[in-house]
2 protein chains.
Amino acid sequence: MTDSVPESTRQTLDRLYENPETRLTSLFELAPADEQVDGQLTMFKALANEHRIRILEALRDGELCACELQVVLDAPQSTVASHLRELKDAGLVKTRRQGKWTYYRIGDTAVLQLLDIADALTGDTV
Amino acid sequence: MTDSVPESTRQTLDRLYENPETRLTSLFELAPADEQVDGQLTMFKALANEHRIRILEALRDGELCACELQVVLDAPQSTVASHLRELKDAGLVKTRRQGKWTYYRIGDTAVLQLLDIADALTGDTV
DNA sequence: GCGTCAAACCGAACATCACCGATTTATTCA
DNA sequence: TGAATAAATCGGTGATGTTCGGTTTGACGC
């Protein structure tokens with residue numbers, strides 16, 4: 001299990017600790033499961049874009065159709081559509097089709113918590 | 001204030017609503033302040049990388065020096081260093097220098113909330 | 001069927017990010 | 001002072017993300 005550690009790193013640990021093998025094992029225990037990180041990464045990637053953040057903020061008060069979101073973002077139709085696709089793929093928004101229009105809404109309100117916490121983290125100048 | 005809207009979009013709104021000007025104004029009110037979005041974007045960008053997520057998860061239980069994080073990530077020194085730089089720039093981690101070693105710790109525990117919520121959002125298969 | 005329109009998809013140019021070897025900067029200790 | 005070492009920085013290359021005109025799809029009314 002500790003075989004993949006580069007030799008240089010192992011040497012470093014040898015210098016740092018009396019019992020490097022034990023320390024190595026406890027460091028490996030700090031690594032979360034791959035599935036967990038994958039899921040978190042999917043979320044944060046989906047949120048790491050200004051247009052997509054603005055879309056989600058606009059949907060706080062309720063659903064909007066794609067054409068209305070074009071107004072909010074002030075961006076070309078194809079650009080808005082591709083961002084909506086990404087948000088939908090990530091499960092952050094859900095859609096409802098009504099005639100020619102597609103209405104978008106927040107998929108899970110926990111996303112709004114993410115937006116709020118991220119805002120609070122940068123907002124206060126402590 | 002509504003001057004920057006493309007003509008095609010304005011035409012769409014004309015078809016959709018009886019009172020397009022009023023609707024235009026209310027749509028603009030859905031747009032959050034630039035500073036808010038900038039801050040949120042900084043956060044999510046910093047979190048949108050597998051290595052950086054793993055670093056933060058590893059720091060849950062307390063501080064670690066850069067060389068220990070190299071073990072956790074199993075990545076080259078320069079790679080780890082650049083990710084630590086980004087996390088520090090975003091304010092997500094703080095540093096403490098002791099001799100040759102630089103110890104990293106979580107800057108604000110609210111970050112852990114972000115990680116937890118993101119995990120929960122993808123974890124449950126409702 | 002046919003024209004119209006909202007939305008989705010495609011593809012190519014462009015921008016940004018990630019990786020990592022090599023080098024430099026600090027710090028310790030002899 | 002000089003050797004050793006942890007960490008930061010630099011620079012070039014490849015990977016990934018974004019943009020947006022053009023096209024296609026699907027729904028509506030005539």
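For this structure, a couple of remarks:
- Label geometry 7 Å along the beta-carbon vector: residue A:35 inter-copy distances in nm: 4.3
- Label point of residue B:62 (7 Å along Cα→beta-carbon): distances to the other copies' equivalent points are 5.3 nm, sorted ascending.
- Closest-to-axis residue of chain B (Cβ criterion, axis taking B to A), whole Å: B:48, 2
- Using θ = phi - 60° in the Karplus curve 6.51 cos²θ - 1.76 cosθ + 1.60, the 3J(HN,Hα) couplings for segment A:79-89 round to 5, 4, 4, 5, 5, 4, 4, 5, 5, 5, 4 Hz; x is entered for Gly and Pro.
- Note, ³J(HN,Hα) from phi for segment A:56-73, Karplus 6.51, -1.76, 1.60, rounded to Hz, x at Gly and Pro: 5, 5, 5, 8, 3, 7, x, 6, 9, 8, 4, 5, 5, 5, 4, 5, 4, 7
- The alpha carbon centroids of segment B:80-126 and segment A:66-126 are separated by 25 Å.
- Rg and Dmax of segment A:36-123, Cα atoms only, in Å: 12.8, 41
- Shielding value for B:68-78 is 5, the average number of Cβ atoms from other chains within 10 Å of each residue's Cβ.
- Here's how it looks for residue A:93: its modeled amide H is under 5 Å from those of A:88, A:107, which are all 5 or more places away or on a different chain.
- The phi-based Karplus calculation (6.51 cos²θ - 1.76 cosθ + 1.60; θ = phi - 60°) puts the 3J(HN,Hα) values of segment B:37-43 at 4, 4, x, 4, 4, 4, 4 Hz, whole numbers, x for Gly and Pro.
- Look at the alpha carbon pairs under 8 Å that are at least 6 residues apart: their mean separation over the length of segment B:36-123 gives a relative contact order of 28 percent.
- Residues whose amide H lies under 5 Å from that of residue B:64, counting only those 5 or more places away or on a different chain, are B:104; hydrogens are built 1.01 Å from N in the peptide plane.
A short reminder: the numbers here are calculations on the coordinates, not readings from a lab. All values derive from a computational prediction rather than experimental measurement. FYI the Cβ positions are ideal-geometry reconstructions off the backbone, even for glycines, and counts take in every protein chain you see.
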